[in-house]
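Heads up: the structure comes next, in structure tokens.
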Amino acid sequence: MEFRCKICDKRFAKRSIFVLHNKTLHKQTSGLYKCQKCPNTYKVFKALTDHMNIHLADKCVVCKVCEKKCTTDYHLEVHMRTHTNEKPFKCTTCNKRFTGGGSLKTHKQRVHHQANSCIRACFVISSLLLKSR
């Protein structure tokens, strides 16, 4: 089996060498992975490899409204919300609506100072257990 780098097209016989190549050669000093074909940067290497598909014309889907290239049908669906103004994610505290779950999560953290509900629930449970001792 052969492993091909989606960024520089170099090929490797061993997966371990391929992974080392990606982690060392394509990681920037700022902690971001930079696309070598455009100015985009990503915090996660998988995001960069997914992004590389937009540089391959046969592997991308194009928005019919603005011609933005997306790497998957899901990304196109999310992008289309910018044109339709659909906001399916709703804050349960203030009822403000958002186009994506990440935006809602950020809103809850910044505006309502709410952490992830699982983390908050674990904190409450551990506090109750400490009080009962």
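Below are the figures for this structure:
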{"item": "Members of 46/68; 14/68; 23/90; 37/108 lying beyond 29 Å, as alpha-carbon distances in this model show", "result": "14/68; 23/90; 37/108"}
{"item": "In Å², nearest 10: area of residue 20 left accessible to a 1.4 Å probe", "result": "100 Å²"}
{"item": "Reachable aspartates and glutamates from residue 10, criterion Cα separation under 18 angstrom, eight or more residues apart if same chain", "result": "2, 50"}
{"item": "Rounded to whole Hz, the Karplus (6.51, -1.76, 1.60) HN-Hα couplings of segment 72-83, x for glycine and proline", "result": "9, 4, 4, 4, 5, 4, 5, 4, 4, 4, 5, 8"}
{"item": "Label-point gap, in nm, between residue 85 and residue 21 - each point 7 angstrom along Cα→Cβ", "result": "4.9 nm"}
{"item": "Cα shape, segment 1-116, gyration tensor, a/c 1.5 rule", "result": "oblate"}
{"item": "Estimated FRET transfer efficiency when R0 is 30 angstrom, pair residue 58-residue 1 (beta carbons, to 0.05)", "result": "0.85"}
{"item": "Inter-site label distance for residue 67 and residue 114 at 7 Å from Cα along Cβ, in nm", "result": "4.2 nm"}
{"item": "Sites residue 14 and residue 93 - FRET efficiency at Förster radius 41 Å, r taken between beta-carbons, to 0.05", "result": "0.20"}
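The values are calculated or read from the model by the stated rules, or taken from the named source; none is laboratory data. Note that this is a predicted model, so its numbers are computed, not measured. All Cβ positions, even for glycine, are placed from backbone atoms using ideal geometry, and neighbour counts span all protein chains on display. Remember, those area values only see protein heavy atoms, side chains included, never the ligands or the DNA or RNA. Shrake-Rupley method; radii C 1.70, N 1.55, O 1.52, S 1.80 Å.
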